[in-house]
Amino acid sequence: MFTMPKNLPQPQLKPNTEVVLQKRYLRKDLSGKQVETPRDLFWRVASCIAAEEAKYNQSTCKGDVLARDFYDLMTSWKFLPNSPTLMNAGTDLGQLSACFVLPVGDSIEEIFDAVKYAAMIHKSGGGTGFSFSRLRPKDSRVGSTGGVASGPVSFLRIFNTATEQVKQGGTRRGANMGILRVDHPDILEFIRAKEKEGEFNNFNLSVGLTEVFMRAVENDEHYDLVAPNSGEVINRLRAREIFELLVKKAWQSGDPGIVFLDRINRDNPTPDQGEIESTNPCGEQPLLPYEACNLGSINLSCFYVPGHNDAADPARDGIDWAELKRVVHLSVRFLDNVIDASRFPLDSITETVRKNRKIGLGVMGFADLLYQLEMAYDSQQGLELGERIMAFIQEEGHKASAQLAVERGAFPAYATSVYAKKKLGPYRNATVTTIAPTGTLSIIAGCSSGVEPLFALCFTRNILDGERLVEVNPHFEAALADAGLFSHELMDAVVAKGSIQEMDYLPAKLRKVFVTAMDIAPVWHLRMQAAFQRHTDNAVSKTVNLTNSATEQDIFDIYWLAYQEGCKGVTVYRDGCKSIQVLATGEGQKKMDGESGAEPVQSGLSAAQVGAGVRKRPDIVWGFTQKVPTGLGVMYLTVNEVDGQPFEVFATIGKSGRSITAKAEAIGRLVSLALRSGVHVRDVVAQIKGIGGEHPVFRGKGLLLSIPDAIAWVLEKRYLKDEHIGDVNDLQAQNCPECGEPLVFQEGCLICPGCGFSRCG
């Protein structure tokens, strides 16, 4: 560690940056008192990582000079390492990696070793990925005892329960990825694992698809299910039916996702060490067992050069390519030093990581750069820019790794790697590039996340009861100002609509450029992912956002296009998808899959009760009361239940006039009448959801537009979204556990735009 220079400048912090740093990153003493400033933090990290340079006699850099370079690199917001590095570099913990993969062997000893190791990693702040494909199928004979095996899903539950007991930083539970090969005999149980409410909340699940399976889907053929313990073919299934079931589940709830295992292993740089079986929790980092990866991201918005937007090739002079090259080389050196500085939780991880020295340099701020260059995300020009930038970073990243190999030697496993066989390199790192989630980092840097489009051009942040602050994307605000169009009234309108695409009074070019995630057709999401994947060693964390009206065929097409375009996996999220998820097992599943002609039963009523008039109110009913913000004041909504289904609602608006109070009461009475008359809650929600009002309030991924819209939101969250209510006043399962702000689903993760919390670390 080096002494902080007296003239070290203070980092220039945006308000959100300061909030995130104070909440999650700045060191505190045992009493919770902050003992570190932002300048202290970034110098601590820069000094710790630069100090590793002293290990290499042939280094071209002096440690103290490099520390200042690293400090300037981070505080200019041009590059940031992953969160564990910011939190733990230069501390006693010293664990700087975010993601790990652990093996799960086919024995009780190996299974529970993996549980123990996962707990140790979660305690240190990391996330874990597992493949359960080695486990023998359910009901297989266990030779040592004469009993039968319980199967992968049963043991998956043990891992999920263990994760529930280990909190990171007092609030966050460790994130996990669970993968099962599509040819495992228990694949149907795995695909349907999350149908039951509350199951496996601490896991992302993905099905590992093989080339054999995908060809069978294409040709509408059957494929083999093979017991991993014996190699015996247990069953044969029609591949297209399984693929369609995956599509159905993604349409219903987003789980499980898919990864293309053969494609991942085709790019495995060290196949002599075995197959890659799993990824980290967000899917962008395929790893060998006992491997970890150190990640960091370059903020592309920092490299825009004004004055070239009208050129035939705006990117040629509109991007500072020389500075981007310098930052890539410096970032690769930074991440390689991180490997040496990190203290891993297991000796086996230390050995494997240092044998292969994988790093993952990615990007953020891509959507902002497109705004600056006045290019549309969903355009051929946007795709070409994405591929051009990533090809440049990939090429310069490998050049930087080759230079480090000259100074420090190649990664120890280089001689048996694919690079040696192809006479490439030598390289210092087995992999160099990864497009990882940057939810928290992008808030610190003040830019868009990863390669995602912006989720919203502007939104309302609730500060105090009744007080709202509209936050506007700075590039959108600047474009409006240049056009003489900026006004607070327009910002309120953008917040209310969530998009400018239907605002015909705005210039067409403005509407074309400033698109958001939900404005973009799914195919463009996927094509952009593929553009970056073509020049990325590892994989790309990207979410294909869909509107609620998207069909199963839409998702089928996305999955197939992902396969055709060379992606290594894909995450699909249909807005509000859980609102029609059917909870079913056994016979209930058969009904859902169309294997029975039975009619569904509505709202817990018998067929005779449906349509039999208004039900009488029992003397005693039980329910809950939810506090909900509206533009007209705080609403207290009481929902009483009969047989676990809504029976009546009462809406009360605090401190409002008589007219508002009367309207709230009237709406509650009419909703109650409908429910007591046997109308399905889904039909009630469909009628009142989206009704506009004068004073919308930002909530979650959208707005609460009015009193009826707020009532619909509560009913939908409780009865149609498959989210468990812990307490009678708790309808905030999707709210940040640290600050209470609504979470947003982006880059395969739930993230908090307020304090930077992320389910994925």
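The values are calculated or read from the model by the stated rules, or taken from the named source; none is laboratory data. Owing to the predicted nature of the structure, the values given are computational and were not obtained by experimental measurement. For neighbour counting, all protein chains shown are included, and Cβ atoms are generated from backbone atoms with ideal geometry for every residue, glycine included.
Could you please find all residues in segment 11-49 being assigned to a helix (DSSP H, G or I) and at pLDDT 95 or above?
Within segment 11-49, PRO38, ARG39, ASP40, LEU41, PHE42, TRP43, ARG44, VAL45, ALA46, SER47, CYS48, ILE49 meet the criteria.
State all residues of segment 431-461 that are part of a helix (DSSP H, G or I) and over 30 Å from PHE411 (Cα atoms); if no residue qualifies, say none.
Hits for segment 431-461 are GLY439, THR440, SER442, ILE443, ILE444, ALA445.
Does ILE111 count as in contact with a Ser or Thr (Cβ under 7 Å, 6 or more places away or on another chain), touching a residue at least 40 places away in the same chain (Cβ under 8 Å), closer than 21 Å to PHE203 by Cα and in the same structural domain as LEU156 (by TED's automatic domain parsing)?
Here the answer is no, as ILE111 does not meet what is asked.
Against the conditions (1) more than 30 Å from GLN403 (Cα to Cα); (2) under 28 Å from the mean Cα position of the chain (by Cα); (3) surrounded by fewer than 20 Cβ atoms within 10 Å (Cβ to Cβ), where does LEU21 fall short? Just the number, please.
Unmet condition: (3).
Give me a count of the residues in segment 277-309 that are among the β-branched types (Val, Ile, Thr) and either in a strand (DSSP E or B) or crowded, with 24+ Cβ neighbours inside 10 Å (or both).
Qualifying residue count, segment 277-309: 2.
Filter segment 270-302 down to the residues that are over 26 Å from the mean Cα position of the chain (by Cα) and touching a residue at least 24 places away in the same chain (Cβ under 8 Å), then identify the one that is nearest to SER348 (Cα to Cα).
Only one residue tops the list, namely GLN273.
Does GLN394 satisfy the condition of being under 20 Å from PRO269 (Cβ atoms) and either in contact with a Pro (Cβ under 6 Å, 6 or more places away or on another chain) or of a type outside the set (D, E, K, R) (or both)?
yes
Going through LYS196, LYS116, LYS167, LYS138 one at a time, which residue ends up being among the basic types (Lys, Arg), modelled with pLDDT of 95 or more and surrounded by fewer than 20 Cβ atoms within 10 Å (Cβ to Cβ)?
LYS116
Can you tell me which residue is nearest to the chain's Cα centre (by Cα) among those in segment 476-493 that are closer than 21 Å to LEU369 by Cβ and hydrophobic (A, V, I, L, M, F, W, C)?
So the residue we want is PHE476.
Since PRO5 meets every condition but one in (1) under 32 Å from the mean Cα position of the chain (by Cα); (2) assigned to a loop (DSSP other than H, G, I, E, B), which condition does it not meet?
(1)
Looking at (1) closer than 24 Å to ILE389 by Cα; (2) modelled with pLDDT of 90 or more; (3) surrounded by 15 or more Cβ atoms within 10 Å (Cβ to Cβ), which is the one condition that is false for THR543?
Status for THR543: all satisfied but (2).
Inspect all residues belonging to segment 416-430 and state whether any of them is closer than 21 Å to ASN280 by Cα, in contact with a helix residue (DSSP H, G or I) (Cβ under 8 Å, 6 or more places away or on another chain) and not in a helix (DSSP H, G or I).
yes
Six or more apart or on different chains, Cβ under 7 Å: which pairs go from a residue in segment 495-518 that's within 15 Å of GLU374 (Cβ to Cβ) and not assigned by TED's automatic domain parsing to the domain that holds PHE366 to one that's small (Gly, Ala, Ser) and surrounded by fewer than 15 Cβ atoms within 10 Å (Cβ to Cβ)? Could you list them?
PRO507/ALA483; LEU510/ALA483
From MET120, MET87, grab the single residue that is closer than 22 Å to ARG354 by Cα and assigned by TED's automatic domain parsing to the domain that holds PRO437.
MET87
For GLY678, only one of the following conditions fails: (1) touching a residue at least 60 places away in the same chain (Cβ under 8 Å); (2) assigned to a helix (DSSP H, G or I); (3) more than 20 Å from LEU704 (Cβ to Cβ); (4) not hydrophobic (A, V, I, L, M, F, W, C). What is its number?
All conditions are met except number (2).
Restricting attention to segment 371-403, which residues are touching a helix residue (DSSP H, G or I) at 6+ places or on another chain (Cβ under 6 Å), closer than 22 Å to SER331 by Cα and among the hydrophobic types (A, V, I, L, M, F, W, C)?
Residues satisfying the conditions are LEU385, MET390, ILE393, ALA400.
Look at segment 395-415 and say how many of its residues are part of a loop (DSSP other than H, G, I, E, B), surrounded by 16 or more Cβ atoms within 10 Å (Cβ to Cβ) and small (Gly, Ala, Ser).
Looking only at that region, the number is 2.
So, in segment 344-385, of the ones that are hydroxyl-bearing (Ser, Thr, Tyr) and not in a helix (DSSP H, G or I), which residue ends up surrounded by the fewest Cβ atoms within 10 Å (Cβ to Cβ)?
By that ranking, first place goes to SER379.
With the requirement that a residue be surrounded by fewer than 18 Cβ atoms within 10 Å (Cβ to Cβ) and outside any helix (DSSP H, G or I), what does segment 51-80 give you?
TYR56, ASN57, GLN58, SER59, THR60, CYS61, LYS62, SER76
With the structure loaded, tell me whether ARG388 is crowded, with 24+ Cβ neighbours inside 10 Å, of a type in the set (D, E, K, R) and closer than 19 Å to ARG326 by Cα or whether it fails that test.
no
Of ALA98, ALA46, which residue is within 29 Å of PHE366 (Cβ to Cβ) and touching a Leu at 6+ places or on another chain (Cβ under 7 Å)?
Step by step, each of ALA98, ALA46 is checked, and only ALA98 is within 29 Å of PHE366 (Cβ to Cβ) and touching a Leu at 6+ places or on another chain (Cβ under 7 Å).
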